[in-house]
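The values are calculated or read from the model by the stated rules, or taken from the named source; none is laboratory data. Owing to the predicted nature of the structure, the values given are computational and were not obtained by experimental measurement. So basically every Cβ, Gly included, is an ideal-geometry build from the backbone, and we count neighbours across all protein chains shown.
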Amino acid sequence: MAHRDEPTEDDLAFTVATVWREERVSCPHPNILQAFDAGALTGGAEEFVRFHLEESGCPYCSAVLEDLRSQQRDADRAHLSGLEDRLLRSTISELRRASGA
Ligand SMILES: [Zn+2]
């Protein structure tokens, strides 16, 4: 990123909002956001995404991240309920065996 004069907060907010609305040029790919969320990014990439989300407060990427997180929650839940089903079934067959049915 090129060096430039210190912008005021208003300048920055205006610039970020304008760039986001017009181009969304600086938005990282959802895969990058996912990697960031998983803590897999390091150095400049991690700083860039953190700045983009936390300082710029990009609503688009925040929404993408929310989506990724809720998908992850759903996936975890599906995995867990599959596990519970298997446990329940094996418990039932154990009980049947034990009761001699
Ligand atoms: Zn963004």
For this session: Determine if the stretch 26-33 includes at least one residue that is away from the ligand (no atom under 15 Å from the Cβ), at pLDDT 90 or above and not acidic (Asp, Glu).
Result: no
Exercise. Are any of the residues in the stretch 29-48 among the β-branched types (Val, Ile, Thr) and closer than 28 Å to Asp10 by Cβ?
Worked result: no
For this session: Considering only residues that are assigned to a helix (DSSP H, G or I), at pLDDT 90 or above and surrounded by fewer than 15 Cβ atoms within 10 Å (Cβ to Cβ), look in the stretch 47-59 and name the one that is farthest from the ligand (Cβ to nearest atom).
Result: Glu47
